[in-house]
Amino acid sequence: MIETTESSWTNIKRIGLFDSGFGGLSVLRSLVSRLDKPDEKQFVYIGDTLRCPYGDRPARQISSYVKQISGWLLQQKIDAIVVACNTSAAASGEELLSYSPVPVFDLLEHTASFVAARKLSRVGVMATNATAKRKAFSRAIRKVDANIEVFEIGCPLLVPIVEAGLTEAPEAQEALRPYIRELVSQGVDAIIYGCTHYPFLSSAIDNVVNELSRKTVQMLDPAECLASAISGKHDRTIIGADAYQSCRFATTGDAESFARIGSRCLRQNISPVESVALADLQAASVWSRTAEVLLQPPIQFSPEAVS
Ligand code: DGL
């Protein structure tokens, strides 16, 4: 959807990203890997770990969380929002676009353009139940090329594995097997990580794909599609030791465990992590601010004030 041009990205300095937990760190990583200097942009990242996962929640609830988080990010004086959570983009991306005063970026359209440009004909999408139910990737891809066959499935066991920091554990491969078997049986040429948590399972996914598929299956990371499209830089640069120095990290969950597992995801120390109370997020909700304005008593004009 949304703001897509390279020039709009160049002019944006301070970017807010959000996800239900650690997943959006994969999007941050892709964006940071396109910077020439670590301080070229500043990032504010918030993971709503306390309410993670979003993927089995109803759309109305997700949309109210998005209003709260985007309201909080706007209070941090950001110039743009990156929806680093496909479940949120699927449930309320259009709505966010309608009320956000700053440009909004998500992963869906750039992934669709990438798939069409690569001339892939059978594509699998692993996503959360909420994203798969809305067929978010299928609709975005078919908008670009109606002939591409898309098989989009919900993989609800995966986000809890990433959130628990178990990406390398045998449970990860066990959980992945049925999902990948289903997609491989459709003869897909490529599989999209349709949830931003899944790139952190990439080595387990590669193992299971190699085990189950007789042909080569390309893995597509939507975060890479977004980062290369908006930065105009195709390839990642090596992420240096100070790459995340201009990033602020916040969570609604436990700050220490967010720092520990988040550092493992990004292979760099991301502490300190700030704690954000749910009450503060709720108070920041874009909706409650709109409601506040609407509910304010009408201004009373007295003749003296007018003259
Ligand atoms: N990482 C998110 C996504 O891209 C959300 C996962 C979840 O909370 O279920 O969909």
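The figures follow:
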read-out: Amide H contacts of Gln218 (H built 1.01 Å from N, under 5 Å, at least 5 apart or other chain); value: Ala190, Ile191
read-out: Magnitude of the charge dipole, the chain, Cβ model with Lys/Arg +1 and Asp/Glu -1, debye to 20; value: 540
read-out: Ranking of Met219, Met126 by count of other Cβ atoms within 10 Å, fewest first; value: Met219, Met126
read-out: Where trypsin sites (Lys or Arg not before Pro) fall in DSSP loop in region 43-78, at most 13 other Cβ within 10 Å; value: Lys77
read-out: Residues Arg122 and Leu50, FRET efficiency given R0 of 51 Å [Cβ-Cβ distance, rounded to 0.05]; value: 0.85
read-out: Calculated P(r) tail over 18 Å for region 126-183, as whole % of Cα pairs; value: 43
read-out: Alpha-carbon spread of region 19-161, three principal axes, descending order, Å; value: 42, 37, 32
read-out: Phi to ³J(HN,Hα) by Karplus 6.51 cos²θ - 1.76 cosθ + 1.60 over region 271-279, Hz, x for Gly, Pro; value: 6, x, 10, 8, 9, 10, 6, 4, 4
read-out: Rg in Å to one decimal, and Dmax rounded to a whole Å, for the chain via C-alpha atoms; value: 20.0, 84
read-out: Cβ-placed point charges (K, R +1; D, E -1), dipole of region 142-214 about Cα centre in debye, nearest 20; value: 180
read-out: Zone residues, region 82-100, relative to Leu278, backbone N less than 19 Å from point 7 Å out along Cα-to-Cβ; value: 88
read-out: Backbone HN-Hα couplings from phi across region 138-144 [Karplus 6.51/-1.76/1.60, Hz, Gly and Pro as x]; value: 4, 5, 5, 5, 5, 5, 7
read-out: Alpha carbon centroid spacing (whole Å) that separates region 186-239 from region 90-146; value: 15
read-out: Cα-derived Rg to Rh of region 60-122, Kirkwood definition; value: 1.07
read-out: Alpha-carbon radius of gyration plus Dmax, which is the widest Cα pair, for region 103-233 in Å; value: 14.1, 43
read-out: Calculated FRET value between Ser271 and Val144, using beta carbons and R₀ = 51 Å, to 0.05; value: 0.80
read-out: Cα-based Rg / Dmax (Å) for region 238-290; value: 13.9, 43
read-out: Candidates per GluC sites (Glu not before Pro) in region 186-270, loop by DSSP, up to 15 other Cβ within 10 Å; value: none
read-out: Phi-based couplings in Hz for region 256-266 (Karplus 6.51, -1.76, 1.60; Gly and Pro marked x); value: 5, 6, 5, 4, 5, 6, x, 5, 5, 4, 8
read-out: Amide H contacts under 5 Å for Cys155, placed H, 5+ residues apart; value: Ala127, Thr128, Asn129
read-out: Cβ-placed point charges (K, R +1; D, E -1), dipole of region 102-259 about Cα centre in debye, nearest 20; value: 780
read-out: For a label point 7 Å along the Cα-to-beta-carbon line of Ser202, residues of region 25-53 with backbone N under 14 Å; value: 25-34
read-out: Partners for Lys67 among lysines (Cα-Cα distance below 29 Å; same-chain residues under 8 apart left out); value: Lys13, Lys41, Lys77, Lys133, Lys135, Lys143
read-out: Under 5 Å, built H, 5+ apart or other chain: amide partners of Phe43; value: Ile15, Cys247, Arg248
read-out: Cα-based helix-to-principal-axis angle, 222-231 vs the chain, degrees rounded to 10; value: 60
read-out: Cβ-based exposure ranking for Thr87, Thr216, in which fewest neighbours within 10 Å come first; value: Thr216, Thr87
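FYI, it's all coordinate maths here, none of it is from the lab. All values derive from a computational prediction rather than experimental measurement. No Cβ is skipped: glycine too gets one built from the backbone with ideal geometry, and neighbour counts run over all protein chains shown.
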